[in-house]
Amino acid sequence: MKVISLFSGAGGMDLGFIQAGHTIIWANDIWKDAVETYRRNLGNHIVCDDISAMDAATIPDGDIVIGGFPCQGFSLANRKRNTSDERNFMYLEFRRIVSEKKPRYFLAENVKGILSLDSGKVFEQILQDFSEIGYRIRHEVLNAADYGVPQRRERVVF
């Protein structure tokens, strides 16, 4: 599949897709150091820019959009986590790109804390927002330790 990667960071998820036989055709992150690491290891197809300022028409069409939108506002490690944290709304940029590019699939991941913010209301809103643009959403909590990673790291995968 042709993959569009958002919130790519240094490319961990992208590397997994590449190893599974897919082609990353476009990637994006705002963090300069992560983008430089990505370029050194995965290629020059990454753009260092704020996704919220980008026109979706400049992104090539793909079969799937993947990414891990910012998790800091959802994380249980954030002692000041609250519903008004502006990072909690970056999923809407992911949704915007999915809505405009209309890939066959999307895959997103985030911390387990996303499930419990505001007694689960935030998570329900996220699911509804993706459903409203025509996608059937499934989600699972996966533990990286169950897949050979030497750490317990639970993530919600959409």
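Amide H contacts of Val47: Ala27, Asn28, Asp29, each under 5 Å away and 5 or more positions distant or on a separate chain (H built 1.01 Å from N in the peptide plane; Pro and chain starts excluded). Tell me, what is the FRET efficiency for Ser84 and Glu140 to the nearest 0.05, using R0 = 41 angstrom and their Cβ-Cβ distance as r? My answer for the efficiency is 0.90. Relative contact order of the chain: 19 percent, from C-alpha pairs under 8 Å at least 6 residues apart in sequence. Remark: spin-label model distance Arg152-Ala56 equals 3.9 nm, labels positioned 7 Å along the Cα→Cβ axis.
Over the chain, dividing the summed -39,500 (n - 2.57) contributions of all DSSP H runs of at least 4 residues by the number of residues returns a 222 nm mean residue ellipticity of -7500 deg cm²/dmol.
Charged side chains reduced to their Cβ positions (Lys and Arg at +1, Asp and Glu at -1) give the chain a dipole of some 360 debye around its Cα centre.
Accessible surface ranking for Val157, Val141, 1.4 angstrom probe, highest first: Val141, Val157. Between Gly62, Gly120, Gly73, the GNM of the chain built on Cα springs shorter than 10 angstrom shows Gly120 fluctuating the most.
Residues of the stretch 94-112 with an amide N closer than 13 Å to a point placed 7 Å from the Cα of Ile25 along the Cα-to-Cβ direction: 101-105.
Between rounded, prolate and oblate, where does the stretch 94-141 land on the alpha carbon gyration tensor, with a ≥ b ≥ c its root eigenvalues, rounded for a/c under 1.5, else prolate if a/b exceeds b/c? It comes out prolate by the Cα gyration axes. Note on the stretch 123-158 and the stretch 50-98: Cα centroid distance 14 Å, given to the nearest whole angstrom. Springs between Cα atoms under 10 Å define the GNM used for the chain, and in it the highest mean-square fluctuation of Lys121, Lys102, Lys80 occurs at Lys80. Qualifying GluC sites (Glu not before Pro) in the stretch 71-158, where qualification requires a DSSP coil assignment and no more than 15 other C-beta atoms within 10 Å, comprise Glu132. Straight Cα distances below 24 angstrom link Lys121 to the lysines Lys80, Lys112, with same-chain residues fewer than 8 positions distant left out. Computed on the Cα atoms alone, the convex hull of the chain gives a volume of 121 cubic angstrom per residue. In the elastic network of the chain, a GNM with C-alpha springs shorter than 10 Å, the most mobile of Gly67, Gly12, Gly113 is Gly12.
The values are calculated or read from the model by the stated rules, or taken from the named source; none is laboratory data. Here the structure is a predicted model, which is why all the values come from computation and not from measurement. We place every Cβ from the backbone using ideal geometry, glycine too, and count neighbours over all the protein chains shown. Keep in mind that these areas ignore ligands, DNA and RNA; they rest on the heavy atoms of the full protein, side chains included. Shrake-Rupley method; radii C 1.70, N 1.55, O 1.52, S 1.80 Å.
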